[in-house]
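Coordinate-derived values only; no laboratory data. All figures in this text were calculated on a predicted structure; none of them were measured in a lab. A quick note on method: Cβ atoms are made from the backbone with ideal geometry, for glycine too, and the neighbour counts reach across all protein chains shown.
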Amino acid sequence: MEPVYFNLSEEEYSKGRKILLWIVTFMFIIGGIYVVMLSPVFGKHNIRPVLSLAPFGIGLVIGAVALFASIKRKNFYFLINDEVIEFRYGLLKTVKKSFKWTDIRQLVIPHKEKKARLMMSGPLSYTIDLRYLQRKKASLIRKHLFQAAREKQVEVLKVTTLH
């Protein structure tokens with residue numbers, strides 16, 4: 001079996017998208033500041049400062065997305081070869097795992113979910129969660145896991161859902 005390597009961190013926002021996100025963030029924050037200042041500075045007492053919570057909240061959410069897009073993420077990958085299944089992924093808490101094919105006794109793959117469960121020799125199991133990936137990459141990883149398990153004579157169990 002030839003090794004399969006998926007680079008999971010190749011999808012990035014373009015520079016223009018990042019700049020646009022930051023501009024929209026600052027526009028909402030400036031809008032919130034304007035609404036707060038309408039009553040005490042400009043004398044518009046019928047507009048309450050509490051209304052500024054909406055632009056500040058929207059600016060905070062868009063700012064979080066802009067920050068996530070701007071921060072350079074670590075090398076995320078998924079590797080399937082003759083000896084191991086190795087991967088590194090995660091949005092906030094990075095997970096790096098490596099499993100030897102000799103330690104895996106069963107592979108459980110649900111029909112329409114982006115998951116796979118590795119049942120180890122003994123009572124241990126690990127669920128590989130691929131929900132955060134694009135549909136195409138997740139299905140390719142699941143397909144290669146299935147083919148590699150068949151090739152290694154690991155029992156493959158297809159189920160409707162994982163519990």
TODO: Pop out the ³J(HN,Hα) list for the stretch 156-163 in order, Karplus 6.51 cos²θ - 1.76 cosθ + 1.60 with θ = phi - 60°, rounded to Hz; leave Gly and Pro as x.
DONE: 10, 10, 9, 10, 7, 9, 9, 9
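How much FRET efficiency would the formula 1/(1 + (r/R0)^6) give for residue 34 and residue 60, where r is the Cβ-Cβ distance and R0 is 22 Å, rounded to 0.05? Present the calculation step by step, with values, prior to reporting the outcome.
Values: r = 16 Å, r/R0 = 0.74.
Calculated value: 0.85.
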Task: For the stretch 40-130, size of Cβ-based charge dipole, Lys and Arg +1, Asp and Glu -1, in debye - done: 320 debye
Open item on the list: In whole Hz and in residue order, list the ³J(HN,Hα) couplings for the stretch 141-148 that follow from phi through the Karplus curve 6.51 cos²θ - 1.76 cosθ + 1.60, θ = phi - 60°; x for Gly and Pro.
Closed with: 5, 4, 5, 5, 4, 4, 5, 5
- [ ] Set the Förster distance to 30 Å, then compute FRET efficiency between residue 158 and residue 95 from the Cβ-Cβ distance, nearest 0.05.
- [x] 0.75
Task: Inverse mean reciprocal Cα-Cα distance (Kirkwood Rh) of the chain, Å - done: 19.2 Å
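Given the peptides 106-115, 154-163, arrange them by the average over their residues of other C-beta atoms within 10 Å, most packed first.
On the way: 106-115: 15.5, 154-163: 11.4.
Sorting 106-115, 154-163 by mean packing, highest first, produces 106-115, 154-163.
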Task: For the stretch 15-70, the fraction of alpha-carbon pairs in successive 10 Å shells from zero, as % - done: 27, 41, 21, 10, 0
Open item on the list: Whole-Hz ³J(HN,Hα) for each residue in the stretch 101-106, computed from phi via Karplus 6.51 cos²θ - 1.76 cosθ + 1.60 with θ = phi - 60°, x for glycine and proline: what do you get?
Closed with: 5, 5, 8, 8, 9, 8
Task: Selection from 153, 102, 127, by position along the positive dipole direction of the stretch 75-159 (Cβ) - done: 127
Open item on the list: Run the simple label-point estimate for residue 82 and residue 124 please: 7 Å along Cα→C-beta, distance reported in nm.
Closed with: 2.5 nm
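Students often check this: by mean Cβ neighbours within 10 Å, which of 18-27, 46-55 ranks highest, and how do the rest follow? Walk me through the numbers before you get to the answer.
Numbers: 18-27: 15.2, 46-55: 13.0.
Descending mean neighbour count gives 18-27, 46-55.
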- [ ] Within 10 Å, count the other beta carbons around each residue, average over each peptide in 120-132, 28-40, and list them highest first.
- [x] 28-40, 120-132
Task: Average Cα contact separation per residue, the chain, under 8 Å, 6 or more apart, as relative contact order % - done: 21 percent
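Anything over 27 Å Cα to Cα? Flag those among 18/136; 96/137; 18/143, in the order listed. Walk me through the intermediate numbers first.
Working: 18/136 25 Å; 96/137 18 Å; 18/143 34 Å.
Violating the 27 Å limit, Cα to Cα: 18/143.
Would you mind working out the magnitude of the charge dipole of the chain relative to its Cα centre, with +1 at each Lys and Arg C-beta and -1 at each Asp and Glu C-beta, to the nearest 20 Debye? Present the calculation step by step, with values, prior to reporting the outcome.
Details: 27 positive and 12 negative charges, 68 e Å.
I would put it at about 320 debye.
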